[in-house]
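Enquirer: Quick one: structure below, then a few questions.
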Amino acid sequence: MSNFTGWHMWSIHHKADMDRCLGTFITREDCIEYIEFKKEQMFFETGNMDESNKKWDVQNFVFDNSFCLNRNSILSNFPNIELDKWS
């Protein structure tokens, strides 16, 4: 029997490009905090709050819950994987 260990994670995906992960965090609240940080960062860089709100509105993103296997689980459950050859 396989024994998988790891972490439950939340990832951020832009609704327009679901294949691209913008970040992964332990909680959904951390994901939202990151989006708010990016919104503030863009505002301070551009001085344009409307554009910042438009680009970094929480409604533009999907938060997905997943399980991330740790290295030991990968190596013990998938014996043919060589981590040094992953790209």
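No lab work stands behind these numbers, since they all come straight from the coordinates. Since the model is a prediction, treat every value here as computed from it, not as a measurement. In this analysis, Cβ positions are derived from the backbone assuming ideal geometry, glycine residues included, and neighbour counts consider all displayed protein chains.
Enquirer: What's the magnitude of the charge dipole for the chain around its Cα centre, counting Lys and Arg as +1 and Asp and Glu as -1 at the beta-carbon? Answer in Debye, nearest 20.
Expert: Values: 9 positive and 14 negative charges, 55 e Å.
Approximately 260 debye in magnitude.
Enquirer: Where Lys and Arg each count +1 and Asp and Glu each count -1, what net charge lies around Gln41 among other residues with Cβ under 15 Å from its Cβ? Display every interim value, and only then the final one.
Expert: Values: positive: Lys38, Lys39, Lys54, Lys55; negative: Glu33, Glu36, Glu40, Glu45, Glu51, Asp57.
Summing Lys/Arg as +1 and Asp/Glu as -1 gives -2.
Enquirer: Go through 13-24, 28-39 and give me the packing order, highest mean Cβ count within 10 Å leading. Don't jump to the answer; show the numbers that get you there.
Expert: Values: 13-24: 11.5, 28-39: 15.3.
Ranking, from highest mean packing down: 28-39, 13-24.
Enquirer: Which Cα, out of Gly47, Phe25, Val58, lies furthest along the positive dipole direction of region 7-81 (beta carbon charges, K/R +1, D/E -1)?
Expert: Phe25
Enquirer: What is the local net charge at Ile26, summed over the other residues whose Cβ is closer than 15 Å to its Cβ (Lys, Arg +1; Asp, Glu -1)?
Expert: Details: positive: Arg28; negative: Glu29, Asp30, Glu33, Asp64.
Net local charge, Ile26 excluded: -3.
Enquirer: Note the count of lysine pairs whose C-alpha atoms are less than 25 angstrom apart in the chain, limited to pairs 8 or more residues apart or on different chains. Don't skip to the end; give the middle numbers.
Expert: On the way: Lys15/Lys38; Lys15/Lys39; Lys15/Lys54; Lys15/Lys55; Lys38/Lys54; Lys38/Lys55; Lys39/Lys54; Lys39/Lys55.
Total qualifying Lys-Lys pairs in the chain comes to 8.
Enquirer: Okay, moving on. Would you pull out the residues with amide H under 5 Å of Gly6's amide H, same chain only if 5 or more places away, H placed 1.01 Å from N?
Expert: Amide H neighbours of Gly6: Asn70.
Enquirer: Moving to a separate point now. Taking Cα atoms, how many degrees apart are the long axis of helix 28-46 and the longest axis of the chain, rounded to 10 and kept between 0 and 90?
Expert: The two axes meet at around 40 degrees.
Enquirer: Hey, of [x] 14.0, 46; [y] 17.3, 56; [z] 15.5, 47, which did the structure itself give for Rg and Dmax of the Cα atoms in Å when calculated?
Expert: Of the listed options [x] 14.0, 46; [y] 17.3, 56; [z] 15.5, 47, [y] comes from this structure.
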